[in-house]
Amino acid sequence: MAFLKIDDVVKRYGDHLVIDRVSLSAEKGEFVVFVGPSGCGKSTLLRMIAGLEEVTDGNISIDGHLVTHVEPAARQVAMVFQSYALYPHMSVKENMAFGLVMAKTPKPEIEKRVANAARILQIEQLLDRKPRQLSGGQRQRVAIGRAIVRDPKLFLFDEPLSNLDAELRSQMRVEIARLHRDLGVTMVYVTHDQIEAMTLADRIVVLRAGKVEQIGTPTDLYERPANTFVAGFIGSPKMNFLEATVTDGTDHTLTLSHPAFVGGAATIPTHAAPRVSRGGKVRAGLRPEHMALGGGQGGTALSLAGEFAENLGGASQVYAQTPDGDTLTILAPGRHVIDKGVPLTVAIDPARVYLFDDAGRAI
């Protein structure tokens, strides 16, 4: 039986549908990430699990117990918010202990739990400080420590790193991954940052407009996206798309026509060629990291016009235009200086081209 089970859940605010018949589950000890653009409903779904939002329809179970209408305090969950929500007049130790004090936990037990959480988070030296004396990363550790001391069955994180700078975000991702490994507790984590999702998750739930687009491991979503939305959302830089026409096909290949292909056409291997008729439209997806500047002799290549390049240190993001005006991104090793309008030949591996039908579904 799944540790966390969300069954056909709906959330409405008046006539506004926010969550539309979502069903998913998480196993004990699993790290599940909800990801999607702003307004897709991921935080609302998390708050329904916590009991902070009422469920309009459907059910939620935790550890085999139906909790749809159970008060938040009785669900044995702990939530870490985007804002640290620390009491400024209390020390770190007092902030971490506050919930236990309110629950009338014996003082020796409070001391033990706070000390254990401080050790796990490596903040023992901060226990006597006030929040104003802490950095953003330290404050977030305290907020997480306040959740740990409650010894919850389920951790819920609502975009906990969004207030931190890039370097701190990277450090805290490592800290949260280590925390999950050490505690072995089920965690559900909300973010709009697909890099956080890819690096932290055992499984990712991709949401759009209150619906689940796809659920899978980071590798599943990267290598086998269900549609163009998932393909464009998972991966950095984003996947490129070319609108192409099917000119021929066999049981195992499709020949696509597009003005960007050298020679005007390319033959792409596929297991679903019979599903696409000659003259039909498809979208060919090309990941920037699967494209190489300077296409060699033979093989499949694109003929593009350079726009500019962003130097990333060990690599460059090169932007180039197709003959019909679309901009593509190429992730190229090393440093490149690209002049506007300079002709570029870009090699692609046909086996790494993703194909989607005209409705955006993976072929």
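The values are calculated or read from the model by the stated rules, or taken from the named source; none is laboratory data. Computed from a predicted model, the values in this text were never measured in an experiment. FYI the Cβ positions are ideal-geometry reconstructions off the backbone, even for glycines, and counts take in every protein chain you see.
Just checking, which of GLY314, GLY341 is on the phi > 0 side of the Ramachandran plot and in the same structural domain as ALA284 (by TED's automatic domain parsing)?
The unique qualifying residue is GLY341.
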Given the condition without any contact (Cβ under 8 Å) to a residue 40 or more places away in the chain, surrounded by fewer than 20 Cβ atoms within 10 Å (Cβ to Cβ), in contact with a strand residue (DSSP E or B) (Cβ under 8 Å, 6 or more places away or on another chain) and closer than 29 Å to ALA226 by Cα, answer yes or no: does some residue in region 343-356 qualify?
no
Just give me the residues in region 83-103 being at pLDDT 90 or above, surrounded by fewer than 19 Cβ atoms within 10 Å (Cβ to Cβ) and not aromatic (Phe, Trp, Tyr), in sequence order.
PRO88, HIS89, MET90, SER91, GLU94, VAL101
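Could you please let me know if GLU124 is over 30 Å from HIS16 (Cα atoms) and out of contact with any strand residue (DSSP E or B) (no Cβ under 6 Å at 6 or more places or on another chain)?
Values: over 30 Å from HIS16 (Cα atoms): yes; out of contact with any strand residue (DSSP E or B) (no Cβ under 6 Å at 6 or more places or on another chain): yes.
Spelling it out, GLU124 is indeed over 30 Å from HIS16 (Cα atoms) and out of contact with any strand residue (DSSP E or B) (no Cβ under 6 Å at 6 or more places or on another chain).
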Which condition does ALA301 not pass, out of (1) more than 24 Å from ILE234 (Cβ to Cβ); (2) part of a loop (DSSP other than H, G, I, E, B), if it passes all the others?
(2)
Single match in GLN133, GLN76, GLN125 (criterion: among the polar types (S, T, N, Q) and in contact with a Pro (Cβ under 9 Å, 6 or more places away or on another chain)):
GLN76
Out of curiosity, is GLU54 surrounded by fewer than 21 Cβ atoms within 10 Å (Cβ to Cβ) and either touching a Cys at 6+ places or on another chain (Cβ under 6 Å) or closer than 29 Å to MET102 by Cβ (or both)?
yes
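Looking for whichever is under 15 Å from MET90 (Cα atoms), assigned to a loop (DSSP other than H, G, I, E, B) and in contact (Cβ under 8 Å) with a residue 24 or more places away in the chain here; the options are ASP151, ASP128. Which one fits? Before you say what the answer is, go through the steps one by one.
Numbers: ASP151 fails: under 15 Å from MET90 (Cα atoms).
Within the list ASP151, ASP128, the selection yields ASP128.
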Do you know which residues across region 318-342 are in contact (Cβ under 8 Å) with a residue 24 or more places away in the chain and either surrounded by fewer than 17 Cβ atoms within 10 Å (Cβ to Cβ) or not in a strand (DSSP E or B) (or both)?
THR322, PRO323, ASP324, ASP326, ARG335, HIS336, VAL337, ILE338, ASP339, LYS340, GLY341, VAL342
